[in-house]
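The values are calculated or read from the model by the stated rules, or taken from the named source; none is laboratory data. Every value quoted in this text rests on a predicted model; they were computed, and no experiment measured them. Neighbour counts run over all protein chains shown; Cβ positions are idealised from the backbone, glycine included.
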Amino acid sequence: MSIPRTFLIAGAIVGAVTAGAAAKKPEGPEKFNFEHVSCNGADNQIRLVVTGVKRSAGRITADLYPNKEDGFLKKRGRITQVKFAAKAPVTSFCIIAPTAGSFAIAVYHDKNANDGFDKGPLGLPEEPWGISNNPKVRFKPPPVEKALFKVDHAGAEVEIKLK
């Protein structure tokens, strides 16, 4: 029994399209796995991806800040803080924003798990850190506007590269 030529051609096209779709790599933070205990599908859930984690030791600490310049990158200004075990080369977890709106996140890799962001004698960071939107940082912290991202009811995906 022979298979009609049109079926063979159609099958080859479908196979090629399917293979091409399977081979295409997803782009952006959605390419990472969000199967973390902190990710439960809640409203305003921020799916955070921290890249550039060198060692699976210590904790990644993340601070969520509101859209306010006053208090940005300061303990008194943060909305919430979460800490999870660091996993190299990428650590992914979720933070819940209190409402929809604009927010900023700062993270650091607490390599020695001493619950502090270690700084040297000149006040420069001794542990890897990053800020949402990965703004360029020169001699002072960026303004909150450079770090803001939108969170809606469905949440947001944010990727931060450690420096």
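The lone criterion from (1) of a type outside the set (Ser, Thr, Tyr); (2) closer than 22 Å to LYS54 by Cα; (3) surrounded by 13 or more Cβ atoms within 10 Å (Cβ to Cβ) left unmet by LEU124 is number (3).
Could you list, in sequence order, the residues of segment 34-81 that are among the hydroxyl-bearing types (Ser, Thr, Tyr) and either surrounded by fewer than 14 Cβ atoms within 10 Å (Cβ to Cβ) or part of a loop (DSSP other than H, G, I, E, B) (or both)? Of everything in segment 34-81, those that are among the hydroxyl-bearing types (Ser, Thr, Tyr) and either surrounded by fewer than 14 Cβ atoms within 10 Å (Cβ to Cβ) or part of a loop (DSSP other than H, G, I, E, B) (or both) turn out to be SER38, SER56, THR80.
Here is a yes/no grid of residues against (1) out of contact with any helix residue (DSSP H, G or I) (no Cβ under 9 Å at 6 or more places or on another chain); (2) under 24 Å from GLY58 (Cα atoms):
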site: ILE79; (1), (2): yes, yes
site: PRO98; (1), (2): yes, no
site: ALA104; (1), (2): no, yes
site: TYR108; (1), (2): yes, yes
site: PHE149; (1), (2): yes, no
site: GLY155; (1), (2): yes, no
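Of all residues being modelled with pLDDT under 50 and closer than 16 Å to LYS161 by Cα in segment 13-33, which is surrounded by the fewest Cβ atoms within 10 Å (Cβ to Cβ)? Just the residue, please.
Checked segment 13-33; the qualifying residue surrounded by the fewest Cβ atoms within 10 Å (Cβ to Cβ) is GLU27.
Look at segment 40-62: where a residue is on the phi > 0 side of the Ramachandran plot and a partner is charged (D, E, K, R), sitting 6+ places away or on another chain with Cβ atoms under 6 Å, you get GLY52/LYS161; GLY58/ASP110; GLY58/LYS111. Residues in segment 82-103 that are of a type in the set (A, V, I, L, M) and part of a strand (DSSP E or B): 5 in all. All told, GLY101 falls short of being touching a Pro at 6+ places or on another chain (Cβ under 8 Å), modelled with pLDDT of 95 or more and farther than 15 Å from PHE149 by Cα.
Only one of the listed residues (PRO141, PRO135) is surrounded by fewer than 17 Cβ atoms within 10 Å (Cβ to Cβ), assigned to a loop (DSSP other than H, G, I, E, B) and in contact with a Leu (Cβ under 7 Å, 6 or more places away or on another chain). That residue is PRO141. Taken together, the criteria place LYS161 among residues that are among the basic types (Lys, Arg), at pLDDT 95 or above, under 13 Å from the mean Cα position of the chain (by Cα) and surrounded by fewer than 20 Cβ atoms within 10 Å (Cβ to Cβ).
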